[in-house]
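*Asks:* This structure is in structure tokens; I'll ask about it shortly.
The values are calculated or read from the model by the stated rules, or taken from the named source; none is laboratory data. As the structure is a prediction and not an experimental result, all values here were calculated from the model. Cβ sites come from the backbone with ideal geometry, for glycine too, and all protein chains shown count toward neighbours.
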Amino acid sequence: MQLEDIKKLAEMARVDMSDTEMSEMAHDFDGILAYVGQVEEAAKMVSENDVNFSLNNVAREDVQTNRGGEYTSKIIEQFPDQNNGYLKVKQIL
Amino acid sequence: MNINLKELTIEKAHADMKSGVYTPTDLANAYLSVIAEKNADINAYLEVYGDVLDQAKRAEEMFANGTATMMTGIPVSLKDNMLRTGFIASASSKMLENYKATYDATVVALLKNAGAVFIGRTNMDEFAMGSSTETSAFGNTKNPLDTSRVPGGSSGGAVSSVAMDGALCALGSDTGGSIRQPAAFTNLVGLKPTYGAVSRYGIISMGSSLDQVGPITKTVSESEIIFNTINAFDKNDGTSMPVESRAKSSSLKKKIGIPREFLKGDGIDSSVLENFEQSCAKLKNAGYELVNVELPMLKYSLPVYYVLMPAEVSSNLARYDGIRYGHHENGGKLLDIYMKSRGTGFGKEVRRRIILGTYILSHGYYDAYYNSAVTVRNAIQNELENIFKEVDAIITPTSPFPPFQFGAKSKDPVSMYMSDIFLAPANIAGVPAISIPAGKTADNLPLGLHMMSDFHREDILFTIGKDFEREVLSR
């Protein structure tokens with residue numbers, strides 16, 4: 001892994017880091033990826049018949065489940081910046 | 001009022017409070033005194049809740065009006081990733097340093113209804129990422145049994161709160177060993193329930209397909225008491241297993257499997273192997289037949305874990321953007337706010353795992369890493385499911401090495417990750433697993449015996465666990 005690779009990933013993940021840290025990370029990743037890379041070989045040993053993915057949909061109906069305003073003040077309290085109950089954010093356009 | 005906290009169990013405390021030997025307030029105060037004396041040094045607790053004595057009063061009312069349960073008045077500590085309304089839950093991260101929970105985690109609500117007294121929130125590795133509690137943004141926690149050593153992680157504060165007699169029991173969380181390993185490091189019992197047994201609602205997510213909440217106690221029977229209180233279907237958790245789909249009890253085969261091949265790896269301390277053989281002898285003495293079992297895919301559990309977990313972490317931690325709550329850094333544009341808030345709010349290990357997960361899920365690598373890991377995970381699950389038709393449980397040591405000194409595993413990330421080599425299979429497969437104190441090394445450091453059983457067969461862990469415990473205590 002190169003510094004440039006980590007820089008691209010950092011931007012994708014929206015995490016700001018120093019060049020020093022990113023260089024160190026590139027180096028650490030070589031070791032980590034060598035270790036976890038085993039899974040690719042291991043996967044080849046697994047036959048199609050042995051794999052069983054049965055899934056159950058537990059999604060509920062899309063309806064309101066709490067009283068309107070039940071949590072509003074508690075949530076607004078956590079906003080870094082607010083105006084009249086609205087979350088204030090940076091202008092995008 | 002001198003209460004012997006060192007020997008106290010949930011059963012004894014319940015009997016004492018019921019018969020009036022002391023009140024829940026006396027008991028809470030006893031623990032608060034210990035915390036006042038020891039916590040500045042040990043740093044098990046990040047915060048002692050301000051309403052402990054109010055909770056104790058309510059417990060007294062429950063004893064008075066006959067509604068008390070086994071957990072009423074019992075002092076419990078909560079890991080810092082468990083939401084309790086109105087109180088901070090920070091996952092030991094600067095990102096959530098001042099975040100006040102807006103709802104109760106289901107496990108908190110269940111214990112609250114049972115009358116438990118929550119003492120405070122305990123230190124952890126940041127966002128549960130670590131095996132030593134050294135990545136906490138709020139300082140290390142010392143192992144009360146040897147303060148030059150780590151208590152393990154990520155539930156290091158939880159185990160230390162109990163080991164220092166600052167709580168009678170604790171709740172921890174386990175994604176890749178984070179209850180079991182620190183329990184072994186502090187001579188305690190740590191249970192990771194079956195995935196889907198205990199609700200994850202209100203638990204700050206790390207790896208959603210791996211996380212489980214479980215009890216940390218001195219004895220197996222106390223572990224069972226707490227498990228029975230929090231083991232329930234929860235409609236607020238989409239991965240909660242309905243009660244009718246859970247396995248039914250059946251009689252024990254009295255057969256325990258040992259994956260001998262798996263114990264041959266490098267990096268396993270000789271003291272651990274020696275102690276494990278002694279544990280095998282104890283189980284034989286208790287009437288169990290020990291057999292060798294072949295589990296060829298089991299050794300891939302840890303690499304599978306270190307592919308799936310970072311991937312899930314990168315997804316779960318995307319919500320921390322400095323916009324609606326949590327740590328917020330100002331920047332020129334919106335992108336700057338994201339990058340700076342996350343760059344400064346998260347610590348180094350968290351940043352590492354987010355980037356690793358981003359890489360694993362990115363185009364071109366998704367198949368090689370993530371999809372391969374999912375396939376191998378499925379194979380490991382099948383392998384274990386099949387073996388449990390032959391044996392009641394599978395045992396290994398909990399940790400490949402005894403509690404280590406601060407900084408000993410910090411140079412090479414993989415050496416720290418290896419702490420969980422025996423523990424990851426249970427998270428990968430979703431089976432329940434327990435660590436039980438198994439004795440000490442020649443240097444008086446605690447070691448644990450690790451046991452896995454079939455899905456929803458925690459009863460097997462408790463039965464064999466109590467038999468083993470009896471053998472350990474009788475030596």
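*Asks:* Take region B:320-361 and flag every residue that is more than 24 Å from B:T135 (Cα to Cα), part of a loop (DSSP other than H, G, I, E, B) and more than 7 Å from chain A (Cβ to nearest Cβ).
*Replies:* Across region B:320-361, the qualifying residues are B:N330, B:G331, B:G332, B:L361.
*Asks:* Kindly indicate whether A:N49 is closer than 30 Å to B:S245 by Cα, in a helix (DSSP H, G or I) and of a type outside the set (A, V, I, L, M, F, W, C).
*Replies:* Values: closer than 30 Å to B:S245 by Cα: yes; in a helix (DSSP H, G or I): yes; of a type outside the set (A, V, I, L, M, F, W, C): yes.
Considered against the rule, which asks whether it is closer than 30 Å to B:S245 by Cα, in a helix (DSSP H, G or I) and of a type outside the set (A, V, I, L, M, F, W, C), A:N49 comes out as yes.
*Asks:* Taking region B:49-68, which residues are within 27 Å of the chain's Cα centre (by Cα) and either surrounded by fewer than 17 Cβ atoms within 10 Å (Cβ to Cβ) or among the aromatic types (F, W, Y) (or both)?
*Replies:* B:Y49, B:G50, B:D51, B:L53
*Asks:* On to the next question. Filter region A:12-23 down to the residues that are part of a helix (DSSP H, G or I) and of a type outside the set (S, T, Y), then identify the one that is farthest from the other protein chains (Cβ to nearest Cβ).
*Replies:* First pass over region A:12-23, keeping only residues part of a helix (DSSP H, G or I): A:12, A:19-23.
When the remaining residues are screened for being of a type outside the set (S, T, Y), the result is A:12, A:19, A:21-22.
Details: A:M12: 5, A:D19: 13, A:E21: 7, A:M22: 9 Å.
Once the filter is applied, the top-ranked residue is A:D19.
A quick yes/no check of all residues on (1) farther than 18 Å from B:S362 by Cβ; (2) more than 9 Å from chain B (Cβ to nearest Cβ); (3) without any contact (Cβ under 8 Å) to a residue 60 or more places away in the chain:
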site	(1), (2), (3)
A:I6	no, no, yes
A:A10	no, no, yes
A:M25	no, no, yes
A:E41	yes, no, yes
A:V46	yes, no, yes
A:N49	yes, yes, yes
A:R60	yes, no, yes
A:N66	yes, yes, yes
A:I75	yes, no, yes
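*Asks:* Could you check region B:384-407 and list, in sequence order, the residues that are in a helix (DSSP H, G or I) and either within 9 Å of chain A (Cβ to nearest Cβ) or β-branched (V, I, T) (or both)?
*Replies:* Pass one, region B:384-407, residues in a helix (DSSP H, G or I): B:384-387.
Within region B:384-407, just B:I387 meets the criteria.
*Asks:* Does A:D50 satisfy the criteria of being surrounded by 13 or more Cβ atoms within 10 Å (Cβ to Cβ) and more than 21 Å from the chain's Cα centre (by Cα)?
*Replies:* Values: surrounded by 13 or more Cβ atoms within 10 Å (Cβ to Cβ): yes; more than 21 Å from the chain's Cα centre (by Cα): yes.
The answer is yes for A:D50.
*Asks:* Cβ-Cβ below 8 Å, separation at least six or inter-chain, first residue in region B:240-260 and in contact (Cβ under 8 Å) with a residue 40 or more places away in the chain, second surrounded by fewer than 11 Cβ atoms within 10 Å (Cβ to Cβ) and not in a loop (DSSP other than H, G, I, E, B): which pairs?
*Replies:* Partner pairs satisfying both residue conditions: B:G257/B:N292; B:I258/B:N292; B:P259/B:N292.
*Asks:* Looking at (1) part of a helix (DSSP H, G or I); (2) within 13 Å of chain A (Cβ to nearest Cβ); (3) small (G, A, S), which one does B:S410 not meet, given that it meets all the others?
*Replies:* (1)
*Asks:* Name the pairs whose Cβ atoms lie under 8 Å apart, with the first residue in region B:323-334 and among the charged types (D, E, K, R), the second assigned to a loop (DSSP other than H, G, I, E, B), and 6 or more positions between them or separate chains?
*Replies:* The qualifying pairs are B:R324/A:F79; B:E329/B:G322; B:K333/A:K90.
*Asks:* Being modelled with pLDDT of 95 or more, crowded, with 24+ Cβ neighbours inside 10 Å and among the basic types (K, R): is that true of B:K79 here?
*Replies:* Details: modelled with pLDDT of 95 or more: yes; crowded, with 24+ Cβ neighbours inside 10 Å: yes; among the basic types (K, R): yes.
It is true that B:K79 is modelled with pLDDT of 95 or more, crowded, with 24+ Cβ neighbours inside 10 Å and among the basic types (K, R).
*Asks:* Against the definition (touching a residue at least 40 places away in the same chain (Cβ under 8 Å), in contact with a strand residue (DSSP E or B) (Cβ under 8 Å, 6 or more places away or on another chain) and either buried (at least 24 other Cβ atoms within 10 Å of the Cβ) or of a type in the set (A, V, I, L, M, F, W, C) (or both)), how does B:I436 come out, yes or no?
*Replies:* Numbers: touching a residue at least 40 places away in the same chain (Cβ under 8 Å): yes; in contact with a strand residue (DSSP E or B) (Cβ under 8 Å, 6 or more places away or on another chain): yes; either buried (at least 24 other Cβ atoms within 10 Å of the Cβ) or of a type in the set (A, V, I, L, M, F, W, C) (or both): yes.
For B:I436, the condition - touching a residue at least 40 places away in the same chain (Cβ under 8 Å), in contact with a strand residue (DSSP E or B) (Cβ under 8 Å, 6 or more places away or on another chain) and either buried (at least 24 other Cβ atoms within 10 Å of the Cβ) or of a type in the set (A, V, I, L, M, F, W, C) (or both) - is met.
*Asks:* Being modelled with pLDDT under 95 and facing chain A (nearest Cβ under 7 Å) is the requirement here; does B:Y306 meet it?
*Replies:* Working: modelled with pLDDT under 95: no; facing chain A (nearest Cβ under 7 Å): yes.
In short, no.
*Asks:* Taking region B:362-379 on its own, how many of its residues are in contact (Cβ under 8 Å) with a residue 24 or more places away in the chain and within 7 Å of chain A (Cβ to nearest Cβ)? Show your work before the answer.
*Replies:* Narrowing region B:362-379 to residues in contact (Cβ under 8 Å) with a residue 24 or more places away in the chain: B:369-370, B:372-374, B:376-377, B:379.
Within this subset, residues satisfying the condition of being within 7 Å of chain A (Cβ to nearest Cβ) are B:369, B:372-373, B:376, B:379.
Total satisfying the criteria: 5.
*Asks:* Might you check whether a residue that is in a loop (DSSP other than H, G, I, E, B), surrounded by fewer than 22 Cβ atoms within 10 Å (Cβ to Cβ), touching a residue at least 12 places away in the same chain (Cβ under 8 Å) and β-branched (V, I, T) occurs anywhere in region B:145-157? First the steps, then the outcome.
*Replies:* Taking region B:145-157 as the starting set, the residues that turn out to be in a loop (DSSP other than H, G, I, E, B) are B:145, B:147-148, B:150-155.
From the residues that got through so far, the ones that are surrounded by fewer than 22 Cβ atoms within 10 Å (Cβ to Cβ) too are B:145, B:147-148.
With the extra rule that they be touching a residue at least 12 places away in the same chain (Cβ under 8 Å), the set shrinks to B:145, B:147-148.
Remaining after also requiring β-branched (V, I, T): B:147.
Yes: region B:145-157 contains one or more residues that are in a loop (DSSP other than H, G, I, E, B), surrounded by fewer than 22 Cβ atoms within 10 Å (Cβ to Cβ), touching a residue at least 12 places away in the same chain (Cβ under 8 Å) and β-branched (V, I, T).
*Asks:* In region B:266-298, which residues are assigned to a helix (DSSP H, G or I) and touching a Pro at 6+ places or on another chain (Cβ under 9 Å)?
*Replies:* Hits for region B:266-298 are B:S271, B:V272, B:L273, B:N275, B:F276, B:S279, B:L298.
*Asks:* Given the conditions (1) crowded, with 17+ Cβ neighbours inside 10 Å; (2) over 21 Å from the mean Cα position of the chain (by Cα); (3) part of a loop (DSSP other than H, G, I, E, B); (4) not aliphatic (A, V, I, L, M), which single one is not true for A:Q91?
*Replies:* (1)
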